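The values are calculated or read from the model by the stated rules, or taken from the named source; none is laboratory data. This one's a predicted model, so the numbers in the text were calculated from it and none came from an experiment. So basically every Cβ, Gly included, is an ideal-geometry build from the backbone, and we count neighbours across all protein chains shown.
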Amino acid sequence: MFSSCLTPLVRTRLILRTPRASQGRPFSRCTPLLSQSTIPVQVTGTGTGTVQSVAVKDKPYTFQADTYTALGGTDASPSPVAYALASLSSCNQVTGFVVARDHGIRLGKWKIKVDGVLPTAVLVGGAKEGNPNWESVRLEVRVQTDLNAKGEEEEGRFRYFVDEVERRCPITQLFKLSGVRFESVWVNEVL
């Protein structure tokens, strides 16, 4: 197991599983097509009470948000805080796909679990002091790669992949830069 403290609030651990024999392929140096571009995103929401229908501009789909019954919702749809954690999960997978494509890494199945602790003193209780932000968020990623985790060099290649995903993932950066206590554990599994 590889453990590293990135900042006082951010930790990343890697767990490497015994893979098949090394293929000895170094990272490639591809430049993504959109590297100098931006992706404009606009969402609109309409609703009543705690239920909201959210639409993404120029997309054919909408999704619903609600909240927990303890907050006065009907719990008929995921809450905004559940969507926040879901966006962290899915954004890491999408960013991982992009990083892998850029560096010639083959990926298989992803399994991601995100745990968050959200204090309620400000949100629910209306406390004048405190912070309604997440207290802590823990991201656990298990991903199948063709990177050989046997030996220091191969371990470094997976570490580089993880570092690139976390550096390039906008939602990971949103959480890390918000001051939340953020921990991530990445497990490299045999493809």
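Regarding Y160, is this residue hydroxyl-bearing (S, T, Y), farther than 30 Å from Q52 by Cβ and within 19 Å of the chain's Cα centre (by Cα)? When the stated conditions are applied, Y160 passes them.
Each row is one residue, and each column tells you yes or no for (1) modelled with pLDDT of 95 or more; (2) in contact with a Leu (Cβ under 6 Å, 6 or more places away or on another chain); (3) closer than 20 Å to L147 by Cα.
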position: M1; (1), (2), (3): no, no, yes
position: S22; (1), (2), (3): no, no, yes
position: L33; (1), (2), (3): no, no, no
position: S53; (1), (2), (3): yes, no, no
position: K57; (1), (2), (3): yes, no, no
position: T74; (1), (2), (3): yes, no, no
position: G96; (1), (2), (3): yes, no, yes
position: D102; (1), (2), (3): yes, no, yes
position: L107; (1), (2), (3): yes, no, yes
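Of the candidates L139, L123, the single residue that is over 26 Å from V41 (Cα atoms) and hydrophobic (A, V, I, L, M, F, W, C) is L123. Highlighted here are the strands (runs of 3 or more DSSP E) found entirely within the stretch 104-191 that include at least 1 residues which are touching a residue at least 40 places away in the same chain (Cβ under 8 Å), among the charged types (D, E, K, R) and buried (at least 16 other Cβ atoms within 10 Å of the Cβ): 136-145, 181-190.
Scanning the stretch 66-103 for residues being assigned to a loop (DSSP other than H, G, I, E, B) and of a type in the set (G, A, S) gives a total of 5.
Among the residues here, E189 qualifies as within 22 Å of V114 (Cα to Cα) and at pLDDT below 95.
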